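As structure tokens, the structure follows; a few thoughts come after it.
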């Protein structure tokens, strides 16, 4: 057992030290995915090819959310209902032009299509840097890494300087004003759902995902996050203790990305979508 673990660690380090990520493996033309990427076959349920259209993901229209109070309340109710029943929904007419969304995806593609030697300069596991590029933040702690590379950029409270960003991404800084989600530890007591979902890689083109998170700063070590007290009662007690954001992230990173950890943080994000839209007292209605 010890020898197997040591060998796997050596393989992970060798992969990490290339600073080329999964894209580097693809560019080399590998014919077999390295074993440390293999997930247990029983970890995921088999995908279904069912054409059942009985269920439709909720689509919520944000038109006039900031103009008409009645419309605002209706949207709040729809977000709450979708979060309680589904844990997943689509937002339309959110105010972000489609060309901005397309520019973001194209900027991501430009970064990853750069020469490996150029990208290596940005490769790091130092979470305090303004721009972080690597493959799998939990490479050394997860049971098996995912077939992906990632970069992220902290835009607040201190916006990065242009020289902190890759040249191919510098013109897109102004296009990232919108984010859904904030670390708000245990803000509710499982009132909202978080659906398990996944996407599949394909052999035609790279799959690009862009996520925007609004959260506290890792350096904000003193503030305690806990349940929203107005929503607690004997019948609805807290399920999580109060904690500071740094401790939570240390736990999250050490645990590795699995569904339980991910679903909890997504659930937290859905909660804060509502608190961003209106005050907490509206959640009680």
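The values are calculated or read from the model by the stated rules, or taken from the named source; none is laboratory data. Quantities reported herein were computed from a predicted structural model and do not represent experimental measurements. Cβ atoms come from the backbone with ideal geometry, glycine included; neighbour counts cover every protein chain shown.
Inside the stretch 127-143, residues that are closer than 24 Å to residue 157 by Cα and either touching a residue at least 60 places away in the same chain (Cβ under 8 Å) or touching a strand residue (DSSP E or B) at 6+ places or on another chain (Cβ under 7 Å) (or both) make up a count of 8. Checked against the criterion of being farther than 24 Å from residue 82 by Cα, at pLDDT below 85, in contact with a helix residue (DSSP H, G or I) (Cβ under 8 Å, 6 or more places away or on another chain) and exposed (fewer than 13 other Cβ atoms within 10 Å of the Cβ), the candidates 204, 208 yield just one match: 208.
Quick one: in the stretch 160-177, which of the residues that are part of a loop (DSSP other than H, G, I, E, B) and surrounded by fewer than 13 Cβ atoms within 10 Å (Cβ to Cβ) is modelled with the lowest pLDDT?
Among them, the one singled out is 177.
If you filter the stretch 100-125 down to residues that are more than 13 Å from residue 169 (Cα to Cα) and under 18 Å from the mean Cα position of the chain (by Cα), you find that the one that is modelled with the lowest pLDDT is 101. Surrounded by fewer than 14 Cβ atoms within 10 Å (Cβ to Cβ) and part of a loop (DSSP other than H, G, I, E, B), is that true of residue 144? The answer is no for residue 144.
If you go through the stretch 86-107 and keep only what is touching a residue at least 40 places away in the same chain (Cβ under 8 Å), under 20 Å from residue 65 (Cα atoms) and in contact with a helix residue (DSSP H, G or I) (Cβ under 8 Å, 6 or more places away or on another chain), you end up with just 88.
Remark: pairs (first residue in the stretch 222-247, exposed (fewer than 15 other Cβ atoms within 10 Å of the Cβ); second residue part of a helix (DSSP H, G or I); Cβ separation under 8 Å; 6+ apart in sequence or on different chains) = 223/245; 230/280; 230/281; 230/284.
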